[in-house]
Amino acid sequence: MNSPDSFGAIYNFVSGPLVWVAFIVFVGGSIYRFYDLIKLVNRKEKFIYSYMSWKYSLRSIIAWVTPFFPVNMRKHPVLTVVTYVFHLCLLITPVFVLGHGVLIKNAWNVRWWALPESIADFMTLMVIIGCIFFLVRRLVFREVKYVTTMSDYFLLAIVAAPFVTGFLCYHQVGNYDLLLILHILAGEIMLMAIPFTRLSHMLFAALTRAYIGSEFGKVRHARDW
Amino acid sequence: MAEVIEKTEQRIVDEGLDKGADKLTGDQIARVIKAVLENETGARLKVYVDTCVHCGLCSDACHIYLSQNRNPKFSPAGKVKRTMGEILKKKGRVSPEFIRDAAEVAYTECNLCKRCVQYCPFGIDVAYILLIVRRICHKLGVTPLYIQDTAHSHSVTMNQMWIKEDEWIDTLQWQEEDAREEMPNLRIPLEKEGADVMYSVIAPEPKFQPNLIYYTAILMNTAGINWTMPATPGWDNSDMAMFTGDNEIMGRIKRAQFDAAARLKVKKIVMGECGHAFRSVYDVGNRWLGWKMPPIPIVHAIEFYYDLLKAGKIKIREKYKKSVTLHDPCNVVRGAGLHEKARYVINEICENFIEMHPNREHNYCCNAGGGVINCGPPFKNKRVKSNSVKAKQIRDTGAEILITPCHNCHSGMEDIISYYNVNMHTKFIIDILYEVMEKPGD
Ligand code: SF4
Ligand code: SF4
C-alpha cells in the first residue's frame, strides 16, 4: 500500500472478485452441507423422517428463540441478554449498515434500506462487546474453559475481526486504507467460514432443534426447554 | 485444588474394565471404532459434534457435575470431550488405557438421563453420544463386570437374574398361595390366552421383592382385570443389554417379550414400576427391532393405576396419612410424560403430597439409572457421592416418604438416603396403593 495505485488495485480485487468468491463459497458451501446431511440421513438414518413432526419442531424452535422462556436461559440472565443482543446485531448490522448499502447501490443500482449511522455504530460495538464477553467466559468459567479448544478462539477472532475493523474504519482510527481492506477481507473470511466451521450452528440449529423437539414432543411427551 | 483431590482419589478397580482393556491392541481398537462409526452412526452424531459450540451451558443440567464440586470433567460436554471428542480427534487411534477410562465415563458417570438435552440451546443429545461410546466399549469387550454379568444372564435365560423357568413359576404360585389367605379366590393366571392384559415385571421382583407381585395380584383381582403372566421367557421386561451397548441381545429380549404377548393374544402389556424397562420396550428396543412404536400397547404402572382410579375400578378406603414427595423417574417422565398422571394417582391415594424442586421433566436423575447402579459395588461410593444435589433436593421437602415409581431410582435413592442420613423412607406407589385401597373382604 505504498502508492495509491496499488491500494486501488487491491481494493478493487477484494471488493470485486473476492466478494463473489466469498458469497459463492458461503452459499455453495451451505447448500453442500445440507445436501451432504440429507444424503447421510437417507443412507443411514432414514427413520428420522418418520419421527419428525412440524408441530413439535416449531414448538421447540419457538420455545428456544423466545428470550427467557427456557429454564436454562433464566438461570443465566446476563448470558441470555448478551447472546440475544450479540446474535441480532451480528446478523442485522452487516446487511443494513450504510456503507454496505452504498456498495450495493453502486454495483446494481438497487436501493437498500440503511440503518441510521449512530445505531449501526452502536450495534457494531455490541457485537464487539459480545465477543469480549464470550472470550472472558471461555477464559474464566471452568466449565467453559474445559471444553474450549484452540479453534473456538480462532472462531471468535474470525467473528470479531470484521466488526473491529469496521468500527475502526468508521471512526477513522489508524490507517484507513489498510483497515478498509482488512475489513473487507475479514468479512469475506467470516462468510466463507460459516459452512465449514462451528459457525455452521447458524445453519443447523433449526434442524437439531426440530429433531429433538419432535422426539420430545411426539415420543416422550415432554418439554424440551 | 480439584487436581489435588483427583490425584488422591483411589483408582477404581473393576475386572471387567481392567482385564478387558489389557487384552486390546491399537489396531483392534481402531478397527472397531471405525466399524461402529461407519455402520451405526450417521447424521445425528455428525451434526451434534459439528454444532456443539462448547458453551458449557449443559453443565448445570447434570447432577453429577453439580455434585462433584462443579468439576468440569463431569459436565455433559466435558464427558463428551473425554470420550467421543478424543476418539474423533485421533480418528480412532486411541490406547487401551484410554478405552478403559472412556468406558468408566460412559458406563458410570452418565445415566443417559437426557436432562442435559433440555439445557442445550441446540438440543444436543449427549446421552446418545455416550451410548455410542458404550457401544464401542461393548464391542471391544470393556464393560464393567457386574452389569456385564446381568447382560450374560439375559443372553442365557432371557431374564436379568439367572432365574430358571421353574423358579419363576414357583415364585408366582407361592405369591398366589400367600395372597389367597387374604383374598380366597385370587388367581395369578399363567399362560391365559386371550386375556386383556399381560403383566410383566423385571427379574429382581421375583428374586428380591416378590411382595410387589403379591400386591399387584391383589390389585388386579380387586379391579377385576382379565390378566395373565407368561410362564415362558419373555416375562422379564428389564434390559441391561441396552445399557451395556449389546443391542443384539437387547433385540432378542424385546422380541421374546413381544412374542409372548402375541402368543397369548393379549390386548396390551402392563408393566410394573420400572423406568429403564419402559425405555427399553417403548423407545429403544422396539426401534432396534424396526418398530417405530411398540407393536403392542405398553402401559406403565403409573398409567395403569391412573386408569383404574379414574374409572373407579379401585376405590380408596382411607388416604395415606404420612407426608409424601415424588421423585419423577427420567425414563417415564422425560421419557414418556407420565408426570401429571403420577400426580393424579398420588393425590388420590395420599393426603399430603409435597413437591420437590425441580420436578417433573426437570427433576434431577437418581444417578442409579442408565445401568450405573448395575455396575455394582466398585462404583457405589462414587455413585452416591456424585448425587449430593439429590440428597439436598429430597431433604428440603421435609416429607417422610419418598415415592419412586421406578426400581433403579428406588434402590439408588435408598443408597442416597442412608449415605446422607436423610430422614425418609422410599416406597413404590403400589406399596401405598395396596395399603389404602378397598379390598373385597373389607
Ligand atoms: S447424567 Fe444425564 S445430565 Fe448428565 S451427562 Fe448424562 S444424560 Fe446428561
Ligand atoms: S452440548 Fe450444547 S450446551 Fe453443551 S457445550 Fe455443546 S452446545 Fe453448549
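The values are calculated or read from the model by the stated rules, or taken from the named source; none is laboratory data. Source: prediction; values computed, not measured. No Cβ is skipped: glycine too gets one built from the backbone with ideal geometry, and neighbour counts run over all protein chains shown.
Which fully enclosed helices (runs of 4 or more DSSP H) of segment B:365-442 have 2 or more residues being crowded, with 18+ Cβ neighbours inside 10 Å and touching a helix residue (DSSP H, G or I) at 6+ places or on another chain (Cβ under 6 Å)?
Numbers: elements: B:380-385, B:388-395, B:407-419, B:429-436.
Ranges flagged: B:388-395, B:407-419, B:429-436.
Search segment B:30-58 for residues being β-branched (Val, Ile, Thr) and more than 8 Å from ligand 2 (Cβ to nearest atom), and hand back the single one that is surrounded by the fewest Cβ atoms within 10 Å (Cβ to Cβ).
First, pick out the residues of segment B:30-58 that are β-branched (Val, Ile, Thr): B:32-33, B:36, B:41, B:47, B:49, B:51, B:53.
With the extra rule that they be more than 8 Å from ligand 2 (Cβ to nearest atom), the set shrinks to B:32-33, B:36, B:41, B:47, B:49.
Details: B:Val32: 20, B:Ile33: 24, B:Val36: 21, B:Thr41: 20, B:Val47: 24, B:Val49: 16.
In this case the residue turns out to be B:Val49.
Give me the helices (runs of 4 or more DSSP H) completely within segment B:33-137, filtered to those with at least 3 residues that are within 16 Å of ligand 1 (Cβ to nearest atom), ordered by residue number. Write out each step before concluding.
Working: elements: B:43-51, B:63-67, B:76-80, B:86-89, B:96-108.
Here the list reads B:43-51, B:63-67, B:76-80, B:96-108.
Residues of segment B:113-165 being among the basic types (Lys, Arg) and crowded, with 21+ Cβ neighbours inside 10 Å, which ones? Break it down into steps so the answer makes sense when it comes.
Initial filter on segment B:113-165 (among the basic types (Lys, Arg)): B:114-115, B:134-135, B:139, B:164.
If the condition is that a residue be among the basic types (Lys, Arg) and crowded, with 21+ Cβ neighbours inside 10 Å, then B:Lys114, B:Arg115, B:Arg134 are the ones that fit.
Answer yes if at least one residue in segment B:210-219 is touching a helix residue (DSSP H, G or I) at 6+ places or on another chain (Cβ under 6 Å), under 23 Å from B:Glu435 (Cβ atoms) and surrounded by fewer than 19 Cβ atoms within 10 Å (Cβ to Cβ), and no otherwise.
There is at least one residue in segment B:210-219 that is touching a helix residue (DSSP H, G or I) at 6+ places or on another chain (Cβ under 6 Å), under 23 Å from B:Glu435 (Cβ atoms) and surrounded by fewer than 19 Cβ atoms within 10 Å (Cβ to Cβ).
Which condition breaks for B:Tyr65 when tested against (1) over 23 Å from the mean Cα position of the chain (by Cα); (2) at the interface with chain A (Cβ under 9 Å from one of its Cβ atoms)?
Of everything listed in (1) over 23 Å from the mean Cα position of the chain (by Cα); (2) at the interface with chain A (Cβ under 9 Å from one of its Cβ atoms), B:Tyr65 misses just condition (1).
Scan segment A:16-55 residue by residue and report those that are without any contact (Cβ under 8 Å) to a residue 60 or more places away in the chain, part of a loop (DSSP other than H, G, I, E, B) and closer than 21 Å to A:His201 by Cα.
Correct list: A:Glu45 only.
Testing B:Gly141 on (1) within 16 Å of ligand 2 (Cβ to nearest atom); (2) more than 30 Å from B:Ala336 (Cβ to Cβ), one condition comes back false. Which one is that?
(1)
In segment B:51-59, is there at least one residue being within 11 Å of chain A (Cβ to nearest Cβ), farther than 27 Å from A:Phe133 by Cα and not polar (S, T, N, Q)? Walk me through it before giving the result.
Taking segment B:51-59 first, the residues within 11 Å of chain A (Cβ to nearest Cβ) are B:51-59.
Applying the additional criterion that residues be farther than 27 Å from A:Phe133 by Cα yields none.
No, segment B:51-59 contains no residue that is within 11 Å of chain A (Cβ to nearest Cβ), farther than 27 Å from A:Phe133 by Cα and not polar (S, T, N, Q).
Can you tell me how many residues within segment B:86-127 are closer than 30 Å to A:Ile62 by Cα and within 16 Å of ligand 2 (Cβ to nearest atom)? I'd like the intermediate steps shown before the answer.
Filtering segment B:86-127 for residues closer than 30 Å to A:Ile62 by Cα gives B:110-127.
After this cut, where a residue has to be within 16 Å of ligand 2 (Cβ to nearest atom) as well, the list is B:110, B:112-127.
Number satisfying all stated conditions: 17.
For segment B:16-28, state whether one or more residues are away from chain A (no Cβ under 14 Å), assigned to a helix (DSSP H, G or I), touching a residue at least 60 places away in the same chain (Cβ under 8 Å) and under 26 Å from A:Tyr211 (Cα atoms).
Of segment B:16-28, the ones away from chain A (no Cβ under 14 Å) are B:16-28.
Still in the running and assigned to a helix (DSSP H, G or I): B:16-22, B:26-28.
Restricting the remaining residues to those that are touching a residue at least 60 places away in the same chain (Cβ under 8 Å) gives B:16-18, B:20-22, B:26, B:28.
Adding the requirement that they be under 26 Å from A:Tyr211 (Cα atoms) leaves none.
No, segment B:16-28 has no match at all.
Go through segment A:178-203 and report how many residues are within 16 Å of ligand 2 (Cβ to nearest atom), part of a helix (DSSP H, G or I) and in contact (Cβ under 8 Å) with a residue 12 or more places away in the chain. Give the derivation first.
From segment A:178-203, those within 16 Å of ligand 2 (Cβ to nearest atom) are A:197-203; that's our starting set.
So of that shortlist, the ones also part of a helix (DSSP H, G or I) come out as A:198-203.
Next cut, in contact (Cβ under 8 Å) with a residue 12 or more places away in the chain only: A:198-200, A:203.
Qualifying residue count for the region: 4.
When the residues of segment A:212-225 are narrowed to those that are surrounded by fewer than 20 Cβ atoms within 10 Å (Cβ to Cβ) and in a helix (DSSP H, G or I), which ends up nearest to the other protein chains (Cβ to nearest Cβ)? Explain how you work it out, then say what you get.
Step one: list which residues in segment A:212-225 are surrounded by fewer than 20 Cβ atoms within 10 Å (Cβ to Cβ), which gives A:218-219, A:221, A:223.
Checking which are in a helix (DSSP H, G or I) leaves us with A:218-219.
Details: A:Lys218: 10, A:Val219: 7 Å.
In this case the residue turns out to be A:Val219.
Conditions tested, residue by residue: (1) within 14 Å of another protein chain (Cβ to nearest Cβ); (2) closer than 30 Å to B:Ala217 by Cα.
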{"site": "B:Ser75", "(1), (2)": "yes, no"}
{"site": "B:Leu112", "(1), (2)": "yes, no"}
{"site": "B:Gln118", "(1), (2)": "yes, no"}
{"site": "B:Gln148", "(1), (2)": "no, no"}
{"site": "B:Asp166", "(1), (2)": "no, yes"}
{"site": "B:Glu177", "(1), (2)": "no, yes"}
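Take the conditions modelled with pLDDT of 95 or more, away from ligand 2 (no atom under 12 Å from the Cβ) and in contact with an Asp or Glu (Cβ under 8 Å, 6 or more places away or on another chain) and apply them to B:Arg70. Does it pass? Break it down stepwise before answering.
Values: modelled with pLDDT of 95 or more: yes; away from ligand 2 (no atom under 12 Å from the Cβ): yes; in contact with an Asp or Glu (Cβ under 8 Å, 6 or more places away or on another chain): yes.
Yes; evaluated as a whole, the condition is true for this residue.
So which residues in segment B:181-197 are within 11 Å of B:Ile218 (Cα to Cα) and surrounded by 15 or more Cβ atoms within 10 Å (Cβ to Cβ)?
Those that are within 11 Å of B:Ile218 (Cα to Cα) and surrounded by 15 or more Cβ atoms within 10 Å (Cβ to Cβ): B:Met183, B:Leu186, B:Arg187, B:Ile188.
Using the structure shown, decide if B:Gly92 is surrounded by fewer than 20 Cβ atoms within 10 Å (Cβ to Cβ), in contact with a helix residue (DSSP H, G or I) (Cβ under 6 Å, 6 or more places away or on another chain) and either without any contact (Cβ under 8 Å) to a residue 24 or more places away in the chain or within 26 Å of B:Asn247 (Cβ to Cβ) (or both). Break it down stepwise before answering.
On the way: surrounded by fewer than 20 Cβ atoms within 10 Å (Cβ to Cβ): yes; in contact with a helix residue (DSSP H, G or I) (Cβ under 6 Å, 6 or more places away or on another chain): yes; either without any contact (Cβ under 8 Å) to a residue 24 or more places away in the chain or within 26 Å of B:Asn247 (Cβ to Cβ) (or both): yes.
Here the answer is yes, as B:Gly92 does meet what is asked.
Do any helices (runs of 4 or more DSSP H) entirely within segment B:208-269 hold 2 or more residues that are of a type in the set (Lys, Arg), and if so, which?
Numbers: elements: B:210-223, B:241-244, B:247-263.
In segment B:208-269, B:247-263 are the helices (runs of 4 or more DSSP H) which contain 2 or more residues that are of a type in the set (Lys, Arg).
Applying the selection to segment A:69-111, what residues are aromatic (Phe, Trp, Tyr) and over 21 Å from the mean Cα position of the chain (by Cα)? Let's see the steps before the verdict.
First pass over segment A:69-111, keeping only residues aromatic (Phe, Trp, Tyr): A:69, A:84, A:86, A:96, A:108.
Across segment A:69-111, the qualifying residues are A:Phe69, A:Trp108.
Look at B:Ile132 and say whether it is within 15 Å of ligand 2 (Cβ to nearest atom) and in contact (Cβ under 8 Å) with a residue 40 or more places away in the chain.
Working: within 15 Å of ligand 2 (Cβ to nearest atom): yes; in contact (Cβ under 8 Å) with a residue 40 or more places away in the chain: yes.
Answer is yes for this residue.
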